[in-house]
Every structure is written in structure tokens, then in C-alpha cells.
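Below is one structure; the comments refer to it alone.
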Amino acid sequence: MIISFKAYMDNAEAKSGKSRDELYRTASEKGFIVDGKIVAAHKKLLEWLKSDIGLGHVHANFVIAYLQLRT
């Protein structure tokens, strides 16, 4: 079975309790995104999404991909 990018993001939103916009805003507030560009290393974003937001590895990577597409 193939799961779409949208489905992974929908699941990430459900698991985190945060919308895409909230995740982007929180990443910006944490200093991971500055002037619309990601300035944090992938590893730091992954650690944050897994520990603070509560996502698993795959969902965290999809959120990072979303943030990269948005910046």
C-alpha cells in the first residue's frame, strides 16, 4: 500500500495535535526557521519533533520535508 505525502502530514497533525501552520510557526519561534529559511540541521529538527512534539521518526521526517517545501 502506498501512502501519500498528504496522508502522512494529516497523520502527523493528528499525532501532534498541531496543524501544519502551527508546526511551521513553532519551528520559527524555536529559531529553526529564520527569515523564511531553515537554519537548523536536519538532526536538530528531528530531535525536536520526536522529543517535544511526540512524533515518530517517519512522521517527523515528513514534517521536515513539509517545512523544506514551505521555505
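Once both labels are modelled 7 Å past Cα along the beta-carbon direction, what's the K30-R70 spacing in nm?
Distance between the two pseudo-spin positions: 1.2 nm.
Relative to the first principal axis of the alpha-carbon coordinates of the chain, what is the inclination of helix 57-70, with its axis defined by its Cα atoms, in degrees from 0 to 90 and to the nearest 10?
Taking Cα atoms only, the helix is inclined about 60 degrees.
Can you give me the C-alpha center-to-center distance between region 17-35 and region 40-71, rounded to a whole angstrom?
Cα centroid of region 17-35 versus Cα centroid of region 40-71: 10 Å apart.
Could you give the Stokes-Einstein D for the chain in µm² per second, using the C-alpha Kirkwood radius, 20 °C, 1.002 mPa s?
179
Excluding H57 itself, calculate the net charge of residues whose Cβ lies under 15 Å from the Cβ of H57, where each Lys or Arg counts +1 and each Asp or Glu counts -1.
+2
How large is the dipole of the chain about the Cα centre if only Lys and Arg carry +1 and Asp and Glu carry -1, each at its Cβ, rounded to the nearest 20 debye?
In debye, rounded to 20, the chain gives about 140.
What is the sum of charges around A7, taking Lys and Arg as +1, Asp and Glu as -1, for the other residues whose C-beta is under 15 Å from the C-beta of A7?
For residues surrounding A7, the net value is +1.
Show which lysines lie in cross-link reach of K30 when reach means a straight Cα distance below 23 angstrom and same-chain residues fewer than eight apart are skipped.
Leaving aside lysines fewer than 8 places away in the same chain, those within reach of K30 are K15, K18, K43, K44, K50.
Give the angle, between 0 and 90 degrees and rounded to the nearest 10, that separates the Cα long axis of helix 20-29 from the longest principal axis of the Cα atoms of the chain.
30
Can you tell me the relative contact order of the chain? Whole percent, Cα pairs under 8 Å, sequence separation 6 or more.
Relative contact order here is 36 percent.
Whose amide H sits under 5 Å from the amide H of I33, counting only residues 5 or more places off or on another chain, with H placed in the peptide plane?
S28, V39
No lab work stands behind these numbers, since they all come straight from the coordinates. Everything quoted here is computed from the prediction, not taken from an experiment. Cβ: placed from backbone, ideal geometry, glycine included. Neighbour counts: every protein chain shown.
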